[in-house]
Amino acid sequence: MSYLKDFPNAEGYFGDFGGAFLPPELESHFAEIERAWRQLALSADFLQELRYIRRHYQGRPTPVYYARNLSREAGAHIYLKREDLNHSGAHKLNHCMGEALLARHMGKKKLIAETGAGQHGVALATAAACFGMECEIHMGEIDIEKEAPNVTRMKLMGAEVVPVSFGGRSLKEAVDSAFQSYLSQADEALFAIGSVVGPHPFPLMVRNFQSVVGIEAREQYQELTDGQLPEQVVACVGGGSNAMGMFAGFIEDPEVQLNGVEPLGRGSEPGQHSATMTFGKPGMLHGFKCMLLTDDEGNPAPVHSIASGLDYPGVGPEHSYLKTTGRVAYHAIGDDETLDAFYRLSRTEGIIPALESAHAVAWAVEHAREHPGSTVLVNLSGRGDKDIDYVARTFGHGRAD
């Protein structure tokens, strides 16, 4: 049995989670996307072009780095997979370049997407510019204010940024808005979903595009450690694309514990966090079944995270399944611990992480202190350029203040 080949099944299910629940007018379009993906996934020409792009445009492979100073301070061995060094500053370009290639193969002229922290929006704007396509990015008004540097980057690369002003004005509403726009443009556009979420085949496609992270990291870690494997692999989880990309490299190594870290935000009260795995239950969101945070009426609940990219009431269906099987352990880290990790990594290693990634760093440090001498490999999924203005304005410059 090969996990990555066997999951999802032909209908896009990971156990009880996944599937494709679509308006009738989109069913044929998603069927077309799946047919094109299945064809391209076996195409030597497509794979060769993707490898060329990753090496010569994205700058892959990104390195694995032994964080000596952080390790010394925490009392264990912490390694970082440096996705922050991927072109455009995060892991998102791994699937955006693949989705843009898919769109070009299908004859589409435009890419449409949602974004929270702005990294998916920046990556898709990058891909659209590279391939000469139009780009439309939907982004909540709260996130536009918090992530202003990324909004500027998207606009500089020619993308149209559509502010979303209804509801919570964050990631969930951005997805709602992007879906509505796509309904009227599906003949000429591809909805390039930004994580391992959404209707089938997107959780499969995005995971496979992102699996390059885990494949590289496994080989690089073994090279650094004379063939050993890490005891713990950890990544932040909102929708979950960076985590599934990292986990793909280790999921068939039972001696490696996989850990997803979600946002506890300001605390455990409803509306103060986005800890779907901790407090959620099975539900339906954006055309697929997943673990979901809901309100008293059963609707998607208001959520919060200091990290805009994790501010989502649902999670990828594969993560939902892996929680039920126990293969991945899910943990919740609050805003305060995340901020401390943001400042700590910046000061100890000269690496400013994205607030999303800082959740994983915070858990790694906590684990290291509780398990001296252990080995932890963190997917540092993005850099913090997008967050520095918000953090400095709101919280100051850290321990020197």
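The values are calculated or read from the model by the stated rules, or taken from the named source; none is laboratory data. Treat the numbers as computed from the prediction; the structure is a model and nothing was measured. Heads up, the Cβs are rebuilt from the backbone with ideal geometry, glycines too, and the neighbour counts pull from every protein chain shown. Only protein heavy atoms, including side chains, enter the accessible area calculation; ligands, DNA and RNA are left aside. Shrake-Rupley method; radii C 1.70, N 1.55, O 1.52, S 1.80 Å.
Please verify whether Arg218 is among the charged types (D, E, K, R), open to solvent by less than 10 Å² (accessible area, probe 1.4 Å) and in a helix (DSSP H, G or I), treating the condition exactly as stated.
It is false that Arg218 is among the charged types (D, E, K, R), open to solvent by less than 10 Å² (accessible area, probe 1.4 Å) and in a helix (DSSP H, G or I).
Filter segment 242-290 down to the residues that are of a type in the set (Gly, Ala, Ser) and closer than 15 Å to Ile215 by Cβ and list them by number.
Ala243, Gly245, Ala248, Gly249
Across segment 249-294, what is the number of residues that are of a type in the set (Phe, Trp, Tyr) and either open to solvent by 20 Å² or more (accessible area, probe 1.4 Å) or in a loop (DSSP other than H, G, I, E, B) (or both)?
As a first pass, look at segment 249-294 and keep what is of a type in the set (Phe, Trp, Tyr): 250, 279, 288.
Next cut, either open to solvent by 20 Å² or more (accessible area, probe 1.4 Å) or in a loop (DSSP other than H, G, I, E, B) (or both) only: 250, 279.
Qualifying residue count, segment 249-294: 2.
Is there a residue in segment 295-308 that is surrounded by 22 or more Cβ atoms within 10 Å (Cβ to Cβ), at pLDDT below 95 and assigned to a helix (DSSP H, G or I)?
yes
Being under 23 Å from the mean Cα position of the chain (by Cα) and part of a helix (DSSP H, G or I) is the filter here, so list the residues in segment 57-71 that pass it.
Passing the criteria: Tyr57, Gln58.
Just to verify a result, which residue in segment 373-398, among those that are of a type in the set (A, V, I, L, M, F, W, C) and farther than 19 Å from Gln220 by Cα, is most open to solvent (accessible area, probe 1.4 Å)?
Ranking the qualifying residues of segment 373-398, first place goes to Phe395.
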